[in-house]
Amino acid sequence: MKNLTRRDAIRVGVLGTLGLIGIKGVSSAKSFWQIDPAKCVKCGKCETDCVKQVSAVKCVHQYESCGYCDFCSGFYHEGRTALDTSAENLLCPRDALKRKYIEEPYFEYQVDEDLCTACGKCVKGCADFGNGSLFLQVSREDCLNCNECTIAKVCPSDAFVRVDENTPYIYKKAVF
Amino acid sequence: MLPIFAQARFPKPEFTSGYEYPDMDLAYFYASQDGLKLLVYIGLMIFVGFAIYKLRSKKLLLLASFLSVAIIGFYFKACPCPVGLFQNTFEFIFNSEANYNIIYFLIFALPIVFAIFVGRVFCGGACPLGAFQELLFFKELKMPKLLDKILRLIPYFIATACISFAVVSGPMIACAYDPIVPIFRMNAFWAMSIVSIVFIILCIFISRPYCKYFCPYSVLLKSASYLSSKKVEITNKGCVSCGLCIGSCPNGAIIIPDGSFANEKKVSRIKNIILLLPVFLLVGMLIGYAFGLFLYNFHPLLALYADLQNGVDDFNTQVYWQNNTSLQYIEEVLAVIKWKMSLTSAICMGIVALLIAWDLIRNAKKRHSNDYEVDKGLCYLCGRCYSSCPVEVDSKKK
């Protein structure tokens, strides 16, 4: 019987230790990887370093900040021959950035998330010359929320941060 | 290169056609299956407990192993598993920002809770990694005893490494260098796939090589299972001391009764070990300190530091130079990481030294029984000894 009580005492100790970690665990909200657009330097590693074959990172367009220009530096690349929508003039390699005529002289630019692979070319183009209304975000739908994000490991600017799972996106602030 | 904020280079368009901004909200769909995984783990652990203690059936244990490999392994891709969560839990203890929630905690803690009451039912068939090795094991090649004992020290070092990296929120080594998980996911990089293939071949000839020689979580489970009040009884009727079970156990978990209950030599050995405890602790902490310094060399930030010193011009160094003017910042960060890792490693190895001393004391203690029994900490609840016992086979025939 004496042996049993000693064992029970150690058991209570182990359970108590686990309980303390558990109490700390209850209070923590599950977190999710997200890109902080203010830190992102558009290096293009999001496209190549995700564990998924098509990266879980997608380009997002904040319409409120967009100038709706006819000439869009996120839409046309620098070596363009003409300002039309033929493929050799477009910056996006996968035709994921769609352009729609609204009214003279405004055009709406929309990202097709199924085609986007987060190469960041349009984001860089938009930020360098335009209003910076395009930015990269990790899609909650596609991201596996790995223990150790393989993009975060190589991200040069530590732009990958943990956010609350219930508010998984960091939107840019509207410029107007 | 500067991170560029949204700025109003072009004016806000003035629409006249009544155009309204489209909704930019991103898709938010995520069905977490973690709760389901937790239930599968608990179900399998209870099932294994019944199969091994009540029904005494090897076939049901193999079924549990098969279910674990199929459901947790191949269907859920073995994530999250307690072996990986071992490091996550320690990271969470030291860093509240880490990704952790109550379900992760339960998946990590419940196997230990089961272990202190009913033994290692988790290892017996609920763990997809253990179950995978159990199903592969076919023909035993005897390991030399000394080599076996030395290799069994490796998990202590791996556990120490996991905790040391967890304290500084470093790389997840428990997950990244797991040889079995890439088989479930079919996504290993080339070096790891070679390791995995070698490992599969090892599994055929050595019983549970990962569990015995590498698993960091086993350090906790092994110690916890010595508190268990239940253990595998080799025979259901009463031991006749025939010794036939010895050969059936591939994990060396069966204790051979040596007939000497309490001889003088053993008592003096226990005394010596207790007197030497401070030496154990000191040696352990010194080894731990050296090991921590060794581990520090693998911290990923050191690569950036080397690049900065050598003047390499790439994205990483450019971003560093944008935010800092000298190497002082990274040197300060690295110094903190260095002392944290070596201190953690020293403390962990000190505890390990005490655990080893406890092992030695337990082995030297007098035994009250003259029967062949299993060692609770080394037994993986595989049920092989049941069919090797002539008493049990005889009683089942009747």
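Return the average number of partner chain Cβ atoms within 10 angstrom of each residue Cβ along peptide B:79-90.
Details: counts 3, 1, 0, 0, 0, 2, 1, 0, 2, 2, 3, 1.
Across the residues of B:79-90, the mean count of other-chain Cβ atoms within 10 Å is 1.
Angle, helix B:82-94 long axis vs. longest principal axis of chain B, Cα atoms, 0 to 90°, nearest 10?
That works out to roughly 60 degrees.
Could you work out, residue by residue across A:151-161, how many beta carbons of other chains sit within 10 Å of that residue's beta carbon, and then give the average as an integer? Spell out each step's value before the answer.
Details: counts 0, 0, 2, 3, 3, 9, 9, 3, 2, 0, 1.
Mean number of neighbouring Cβ atoms from other chains: 3.
So for chain B, averaging the separation of alpha carbon pairs under 8 Å that are six or more residues apart and normalising by length, what relative contact order in percent results? Spell out each step's value before the answer.
Details: 503 pairs, mean separation 91.0, N = 398.
Reported relative contact order: 23 percent.
Relative contact order for chain A using alpha-carbon pairs under 8 Å, separation at least 6, rounded to a whole percent? Write down the numbers at each step before the final one.
Numbers: 260 pairs, mean separation 63.8, N = 176.
Relative contact order for chain A comes out at 36 percent.
Can you pull the Kirkwood radius for the stretch A:30-176, inverse mean 1/r over Cα pairs, to one decimal in Å? Each step should come with its number before you reach the end.
Working: mean 1/r = 0.0637 Å⁻¹.
Kirkwood hydrodynamic radius for the stretch A:30-176: 15.7 Å.
Work out, step by step, the length gained on full extension between B:Arg269 and B:Cys242: first 0.36 nm times the residue separation, then minus their alpha carbon distance; give nm to one decimal.
Values: separation 27, 0.36 × 27 = 9.72 nm, distance 2.91 nm.
Length difference between fully extended and current span is 6.8 nm.
Which FRET efficiency value, to the nearest 0.05, do you get for A:Glu141 and B:Tyr21 by plugging their Cβ-Cβ distance into 1/(1 + (r/R0)^6) with R0 = 22 Å? Walk me through the numbers on the way to the answer.
Details: r = 22 Å, r/R0 = 1.00.
About 0.50, to the nearest 0.05.
Evaluate the distance, in nm, between pseudo-label points positioned 7 Å from the Cα of A:His77 and of B:Ile256 along their respective Cα→Cβ axes.
Here the modelled spin labels are 7.4 nm apart.
Expressed as an acute angle from 0 to 90° and rounded to the nearest 10, what is the orientation of the C-alpha long axis of helix B:34-49 relative to the principal long axis of chain B?
10
Please work out the average accessible area per residue across the protein assembly as shown, using the 1.4 Å probe convention, and give it in Å². Could the numbers behind the result be given before it?
On the way: 28400 Å² over 574 residues.
So the protein assembly as shown comes to 49 Å² accessible per residue, rounded to a whole number.
What is the Cα coordinate range of chain B on the first, second and third principal axes, sorted by size from largest, in whole angstrom?
Here the spans come out as 95, 55, 35 Å, largest first.
Using every Cα-Cα pair within the protein assembly as shown, state what percent have a distance larger than 45 Å. Spell out each step's value before the answer.
Numbers: 49896 of 164451 pairs.
More than 45 Å apart: 30 percent of the Cα pairs in the protein assembly as shown.
So what is the relative contact order for the stretch B:119-198, in percent, with contacts set as C-alpha pairs under 8 Å and at least six apart?
Values: 24 pairs, mean separation 13.9, N = 80.
With pairs under 8 Å counted, the relative contact order is 17 percent.
For B:Val391 and B:Ser229, what is the calculated FRET efficiency with R₀ set at 35 Å and r taken between the beta-carbons, to the nearest 0.05?
Working: r = 23 Å, r/R0 = 0.66.
Plugging the Cβ-Cβ distance into 1/(1 + (r/R0)^6) gives 0.90.
Ignoring ligands, DNA and RNA, what percent of the accessible area of the protein assembly as shown is carbon or sulfur (1.4 Å)? It would help to have the intermediate numbers written out before the result.
Details: 18290 of 28400 Å².
On the protein assembly as shown, the fraction of accessible area on carbon and sulfur atoms equals 64 percent.
How much mean residue ellipticity at 222 nm does chain B get from its helices, if each DSSP H run of length 4 or more adds -39500 (n - 2.57) and you divide by all residues, to the nearest 500 deg cm²/dmol?
Details: 19 runs with 226 residues, N = 398.
The helix contribution divided over chain B gives -17500 deg cm²/dmol.
What is the gain in length, in nm to one decimal, between B:Ser32 and B:Ile204 on full extension, counting 0.36 nm per residue of separation less the C-alpha to C-alpha distance?
Working: separation 172, 0.36 × 172 = 61.92 nm, distance 3.53 nm.
The span from B:Ser32 to B:Ile204 would gain 58.4 nm if fully extended.
So for each of B:207-217, A:99-109 I average, over its residues, the number of other beta carbons within 10 Å; can you give me the resulting order with the highest mean first?
B:207-217, A:99-109
Mind grabbing the interface size between A and B? I mean buried accessible area, both sides, 1.4 Å probe, in Å² to the nearest hundred.
Values: alone 11080 and 22740 Å², together 28400 Å².
By this definition, chains A and B bury close to 5400 Å².
May I have the convex hull volume per residue, in Å³, for the Cα set of the stretch B:62-108? Mind showing how you got there, number by number?
Working: hull volume 3.2 nm³, N = 47.
It comes to 68 Å³ per residue, whole-number rounded.
Once you place label points 7 Å from the Cα toward the Cβ at B:Ser169 and A:Lys153, how far apart are they in nm?
Distance between the two pseudo-spin positions: 1.8 nm.
Taking R0 as 30 Å, what FRET efficiency do you get between B:Leu151 and B:Lys398 from their Cβ-Cβ distance, rounded to the nearest 0.05?
On the way: r = 42 Å, r/R0 = 1.41.
According to the calculation, E is roughly 0.10.
Across peptide A:62-69, how many C-beta atoms of other chains are within 10 Å of each residue C-beta, on average?
Details: counts 3, 6, 4, 5, 5, 6, 7, 4.
Taking all residues of A:62-69 together, the mean is 5.
What spacing in nm lies between the two simple spin-label points modelled at A:Thr5 and B:Ala70, each 7 Å away from Cα in the Cβ direction?
Going by the 7 Å Cα→Cβ label model, 5.0 nm.
For A:Glu103 and A:Asp128, compute 0.36 nm times the residue count separating them, minus their Cα-Cα distance, and round to one decimal in nm.
Fully extending the segment from A:Glu103 to A:Asp128 adds 6.5 nm.
The values are calculated or read from the model by the stated rules, or taken from the named source; none is laboratory data. All values reported here derive from a predicted model rather than from experimental measurement. Virtual Cβ from ideal backbone geometry, glycine too; neighbours counted across all protein chains shown. All accessible areas refer to the heavy atoms of the entire protein, side chains included, with ligands and DNA or RNA removed. Shrake-Rupley method; radii C 1.70, N 1.55, O 1.52, S 1.80 Å.
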